[in-house]
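**Q** This is the structure, below, for whatever I ask next.
Bear in mind these aren't lab numbers, they're just calculated from the coordinates by the rules spelled out. Keep in mind that what you see is a predicted model, and the values were worked out from it rather than measured. With ideal geometry, Cβ positions are generated from the backbone for all residues, glycine too; neighbour counts draw on all protein chains shown.
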Amino acid sequence: MLDDLDRRLLRRLQLNPAISMGELAELAGTTAAVASRRLAHLRDNGILRGSRARIDWRALGYSVEVSLRFTLDKTQRLAFDEFIAAARGVPEVTEIQTFLGQVDVRLNVIARDMPHYQQVYRESILALPHIADIEALMQVARIKNDEVLPV
């Protein structure tokens, strides 16, 4: 599916999405025209889905990160859909994951400080529909946060 050149291009692009086509091509050992065609092919096939800005929310003054695990009231047919739709509307929710098992949904929530977190929790989180149980895990340290894939 991917050959060595595709892998070299993807590795370099993951490390620096803002790299110029000429520099990317040089580092991957090809020409800019070939690199451009290869990247277009990877996009067309859904392998490369674009690039994005990674913003350090801590640099913007957010110092609290909490992982909230929810068990939903599954007697309600639309519990998942309604909970997720409402959670998407909370600006401080940075990630939503669903699971099979005892925990149904996990939300990652950021806040400027503990009073701000308490406000978000009381006004936004507790207002989410169909909650049967919540478990909060306060993050102490992020050991690895690497989105680079081993291609």
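**Q** Helix 79-88: angle to the longest alpha-carbon principal axis of the chain, degrees 0 to 90, nearest 10?
**A** Relative to the chain, helix 79-88 is tipped by roughly 70 degrees.
**Q** Please report I143, I125, I55 as a ranked list, fewest other C-beta atoms within 10 angstrom at the top and most at the bottom.
**A** So the residues, fewest neighbours to most, are I143, I55, I125.
**Q** Where nothing but the Cβ of Lys and Arg (+1) and of Asp and Glu (-1) is charged, how large is the charge dipole of the chain around its Cα centre, in debye to the nearest 20?
**A** 360
**Q** Give the calculated FRET efficiency between R43 and L15 to the nearest 0.05, with a Förster radius of 22 Å applied to their Cβ-Cβ distance.
**A** 0.75
**Q** Put a dot 7 Å past each Cα toward the Cβ at S36 and A127; how far apart are the dots in nm?
**A** 5.0
**Q** So, with +1 on the Cβ of K and R and -1 on the Cβ of D and E, and no other charges, what is the size of the charge dipole of the range 1-45 about its Cα centre, to the nearest 20 debye?
**A** Using Cβ point charges on Lys, Arg, Asp and Glu, the range 1-45 gives about 80 debye.
**Q** Using Cα centres only, tell me the gap between the range 114-141 and the range 1-70 in whole Å.
**A** Each part reduced to its Cα centre gives a spacing of 33 Å.
**Q** Here's another thing I want to ask about it. Run a plain Debye calculation on the range 64-138 (Cα atoms as equal point scatterers, no solvent) and give log10 I(q)/I(0) at q = 0.15, 0.22, 0.23 Å⁻¹, rounded to two decimals, same order as the q list.
**A** Results for the range 64-138 at q = 0.15, 0.22, 0.23 Å⁻¹ read -0.44, -0.95, -1.04.
**Q** Of A127, T30, L60, which is farthest on the positive side of the dipole of the chain, counting Cα position, with +1 on Lys and Arg Cβ, -1 on Asp and Glu Cβ, and the Cα centre as origin?
**A** It is T30, whose Cα lies furthest towards the positive end.
**Q** Here is a follow-up. Would you work out the relative contact order for the range 4-44, in percent, from Cα pairs under 8 angstrom that are 6 or more residues apart?
**A** 37
**Q** Mind checking the dipole of the range 64-138: about its Cα centre, +1 per Lys or Arg Cβ, -1 per Asp or Glu Cβ, Debye to the nearest 20?
**A** Dipole size: approximately 80 debye.
**Q** Looking at the P(r) of the range 1-149, how many percent of alpha-carbon pairs lie beyond 23 Å?
**A** Summing the P(r) tail past 23 Å for the range 1-149 gives 54 percent.
**Q** Tell me which chymotrypsin sites (Phe, Trp or Tyr not before Pro) from the range 58-119 have a DSSP coil assignment and no more than 16 other beta carbons within 10 Å of their own.
**A** When the chymotrypsin sites (Phe, Trp or Tyr not before Pro) of the range 58-119 are filtered for loop state and at most 16 Cβ neighbours within 10 Å, F99 remain.
**Q** Additional query: Say the dipole of the chain comes from +1 at the beta carbon of Lys and Arg and -1 at that of Asp and Glu; which of L2, Q76, M21 then lies farthest toward its positive end?
**A** M21
**Q** Also: Over the chain, calculate the relative contact order: mean separation of alpha carbon pairs under 8 Å at least 6 apart, over the residue count, as a percent.
**A** Relative contact order comes out at 27 percent.
**Q** Restricting to DSSP H runs of at least four residues, report the calculated mean residue ellipticity at 222 nm for the chain, -39500 (n - 2.57) per run over all residues, nearest 500 deg cm²/dmol.
**A** Dividing the helical sum by the residues of the chain leaves -9500 deg cm²/dmol.
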